[in-house]
Amino acid sequence: KQFKDTLSSQEEISPDAEYENFIRNLRAENSELINEAMNLPKRCRIKRTAIKQKKGVIVFGKKGEEFAFKFADEHNIPHALTLIEALKIFEADINESALKPSKHFNEIYKNICASLFSQKKEVALDKGKKDTILKIEVLKQKLIDEKDYLEDLYYVLTKLDALPGRYAKLIRAISIENLKEDFEELKKEVPHSYLLNIIERENLIEEGKESLILSEELD
């Protein structure tokens with residue numbers, strides 16, 4: 001469910017596309033492999049020499065019902081990855097062999113883990129999110145009476161990264177010439193109660209138990 005919700009909020013791939021289809025087919029054709037993966041112990045770590053665009057360490061963890069992917073290269077500065085970016089890194093040929101992590105792994109790994117779930121997670125901004133943020137900032141100037149709603153909308157988008165892509169499209173589509181009608185349509189689709197529920201859920205996640213699932217060193 002978390003995977004599908006996240007996919008639906010990212011415009012570069014639809015819920016019915018590449019990765020969801022891959023998992024669905026794998027469950028149908030090779031369920032033993034799925035079970036084997038699910039039974040791997042937590043904190044698994046390996047080194048890979050497959051050719052990837054990134055070289056460094058990637059870590060995947062969960063806290064409550066939320067998940068996070070972070071990456072750092074030799075400069076050891078962790079940054080958040082979107083789900084799609086992470087899945088592209090984790091892609092592997094079934095015949096690929098795993099190696100033991102190098103002596104440089106632990107330093108980068110510990111630094112990533114220290115900030116895997118910061119107080120509020122970092123948001124990887126693509127062009128769509130940047131344009132949505134700019135539109136909300138314009139709306140905050142135009143609609144003073146809607147300050148509370150727009151502040152919560154801004155917070156859910158920029159701090160929690162929890163606004164589905166279809167709602168971000170609605171925000172970007174708001175016309176200044178037709179501001180009142182477009183904004184009322186947005187509030188029908190994204191009521192304030194919806195935003196407050198997201199914020200409450202995220203606060204509960206912050207109090208949840210953190211688990212490190214797996215990590216990979218890319219060389």
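The values are calculated or read from the model by the stated rules, or taken from the named source; none is laboratory data. This one's a predicted model, so the numbers in the text were calculated from it and none came from an experiment. Cβ placement follows ideal geometry from the backbone for every residue including glycine, while neighbour counts extend to all protein chains displayed. Accessible surface areas use protein heavy atoms only, side chains included; no ligands, DNA or RNA. Shrake-Rupley method; radii C 1.70, N 1.55, O 1.52, S 1.80 Å.
From the list PHE69, PHE117, the one residue that fits, being under 30 Å from LEU153 (Cα atoms) and touching a Leu at 6+ places or on another chain (Cβ under 7 Å), is PHE69. Of the listed requirements (1) open to solvent by 30 Å² or more (accessible area, probe 1.4 Å); (2) within 30 Å of SER115 (Cα to Cα); (3) aliphatic (A, V, I, L, M), LEU143 misses just one: (2). Within segment 15-31, being charged (D, E, K, R) and part of a loop (DSSP other than H, G, I, E, B) holds for one residue alone: ASP16. Output the number of residues of segment 32-68 satisfying the condition of being part of a strand (DSSP E or B), open to solvent by less than 60 Å² (accessible area, probe 1.4 Å) and not small (Gly, Ala, Ser). Count: 11. Quick one: would you say GLU185 is free of Cβ contacts under 8 Å to residues at least 12 places away in the same chain and loosely packed, with under 15 Cβ neighbours inside 10 Å? No; evaluated as a whole, the condition is false for this residue.
Residues of segment 80-96 that are more than 14 Å from ASP126 (Cβ to Cβ) and of a type in the set (Gly, Ala, Ser): ALA86, ALA92.
Within the option set GLU12, GLU96, being touching a Ser or Thr at 6+ places or on another chain (Cβ under 9 Å), surrounded by fewer than 17 Cβ atoms within 10 Å (Cβ to Cβ), in a loop (DSSP other than H, G, I, E, B) and at pLDDT 85 or above holds for one residue only, GLU96.
Considering only residues in segment 69-93 that are in a loop (DSSP other than H, G, I, E, B) and open to solvent by 40 Å² or more (accessible area, probe 1.4 Å), the one that is farthest from ASN203 (Cα to Cα) turns out to be ASP93.
When LEU157, LEU196, LEU163, LEU125 are checked against the criterion of being open to solvent by 70 Å² or more (accessible area, probe 1.4 Å), closer than 30 Å to ASP73 by Cβ and either among the aliphatic types (A, V, I, L, M) or more than 17 Å from the chain's Cα centre (by Cα) (or both), a single residue qualifies: LEU125.
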